[in-house]
Ligand code: PEP
């Protein structure tokens, strides 16, 4: 059975002390929750990983980096490799976020390498895909999503896919306040599951967690999470306040 997951993506927000406070507040709230129906993960800047790892109970709250390098080690000034991320005690990495694809020119080929290195380092990958507004309006969005998944993930074995979480994040809904409707999101999640079934068979498709991301908040999470193929969320803005984030965590 696949897991429900709610994962925060703090992006480039909070100082280390602020991040530690936020992570502690999330962990305390998660520990108090009697009837939790999802796993909870916080995605934090590289600078925060060690301190946040110390501040949380990793058995209650998973810890993600927001990126990793496409090399293991060497003369790559400013980069942070997957083994380095794993050595902090983090257990996840977010890859393929549209902001990294757009602003840092991360191609499908680069992401394929990052996925391989992350899995080799023992990290689970939250792999993002999603279309722009233009691609939604010109009708190419399903092809765009299919290509993003095929080009960076479909070289993996069925066993490796057990460590991949997919996040569908329509770019037009990220940080804009415009959420995809629950029906729009469900349509794409079912489509993603069908592509997974074609490539890996029904079992892998059924076992893969597919998150929705894009202006998800406590008010719209229940309707989104009620859909058959939506297994939780990747949360940007609303993950920066423990109360808002917990409002989404408890939305199942
Ligand atoms: C994100 O960037 O992953 C995201 C979903 O952002 P927001 O929730 O702020 O739209």
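Coordinate-derived values only; no laboratory data. Note that the coordinates shown come from a computational prediction; the quantities given were computed from them, not determined experimentally. So basically every Cβ, Gly included, is an ideal-geometry build from the backbone, and we count neighbours across all protein chains shown.
How do 104, 212, 168 rank when sorted from fewest to most other Cβ atoms within 10 Å of their own Cβ?
Details: 104 10, 212 31, 168 25.
Ranking 104, 212, 168 by Cβ neighbours within 10 Å, fewest first, gives 104, 168, 212.
Expected output is a single nm value to one decimal: the length gained when fully extending between residue 199 and residue 33, i.e. 0.36 nm times separation in residues minus the C-alpha distance. What is it?
Extending this stretch completely gives an extra 56.0 nm.
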Task: Hull volume in cubic angstrom per residue (convex hull over the Cα atoms of region 169-252) - done: 83
TODO: Wrap a convex hull around the Cα atoms of the chain, take a quarter of its surface area, and give that in square nanometres.
DONE: 12.4
Task: Theoretical gain in end-to-end length, residue 21 to residue 158 [0.36 nm per residue, Cα-Cα removed] - done: 45.5 nm
Task: Separation in nanometres of the label points that stand 7 Å from Cα toward Cβ, at residue 252 and residue 226 - done: 1.7
- [ ] Report, in deg cm²/dmol and to the nearest 500, the calculated mean residue ellipticity at 222 nm for the chain, where each DSSP H run with n ≥ 4 adds -39500 (n - 2.57) and the sum is divided by the residue count.
- [x] -12500 deg cm²/dmol
Task: Highest-MSF residue in the chain out of 174, 126, 94 [GNM, Cα springs under 10 Å] - done: 174
